[in-house]
């Protein structure tokens, strides 16, 4: 179940981004960057954020902590992400970092897993124009922290026919990826096989967790749980879709790095 917190003072900061998230001070004395349902009806954006973060965790990728926050009466209770002052935006890092700093990634293979995850979950909002990744420094090395899952399922079209990302909708086609994977010698048979094995194993783990994740969706979000279980089962877990995503990912790697 999602942890539930309460706001303890008036919201004063609104971020000037697409969905206008707000900064909320909660009763655990932490600040949370909060998304909310901006209209009456089902909280579909929050549902996508919750599912994306849950699946990222199952994929063993780093995600910010997320909880349910009850705001004052003029806000709806929504799913939130904790703000962490140790994190920085990767867009600024790419511009400012020296070559030596760019070598300090704890596990740069994780960027490939994030890209592969986005192919599978149909997230076209993480690309060279909008990384949606934060960096965390740990023991003098950087970790990737993917954020913002509001555009997954092709921005809430999980009830429709799925289709794979184009190469320019992927992290594969980005200055960051090019700086980390600049030589075709990086992509050997062992790496590709490991990526493939983990890809199928992690999706199977997501399939096994789907029912519990759906059951834990807060009732106040007004999500039809049975409908969404059926939608996501068809949208994400068909053998054809899983194979198509892997093959497209591999094809785009070949196109970008000529190995």
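Between residue 240 and residue 179, what FRET efficiency follows from the Cβ-Cβ distance if R0 is 41 Å, with the result rounded to 0.05?
FRET efficiency, residue 240 to residue 179: 0.75.
Starting from a Cα-only point model with no solvent, please compute log10 I(q)/I(0) by Debye for region 140-235 at q = 0.11 1/Å.
-0.52
With all pairs of different alpha carbon atoms counted, what Kirkwood hydrodynamic radius in Å does region 22-64 show?
12.1
What is the Rg over Rh value, at two decimals, for region 87-257, using alpha-carbon atoms and the Kirkwood definition of Rh?
Answer for region 87-257: 0.98.
Need the full-extension length gain, residue 139 to residue 155, defined as separation in residues times 0.36 nm minus the C-alpha distance. One decimal, nm.
Extra length from residue 139 to residue 155 when fully extended: 2.1 nm.
Measuring from label point to label point, each 7 Å out along Cα→Cβ, what is the residue 10 to residue 230 span in nm?
The two pseudo-label positions are separated by 4.8 nm.
Coordinate-derived values only; no laboratory data. Only a predicted model underlies this, so the values are computations on that prediction, with no experimental measurement involved. Don't worry about glycine lacking a Cβ; one is built from the backbone with ideal geometry, like all the others, and counts go over all protein chains shown.
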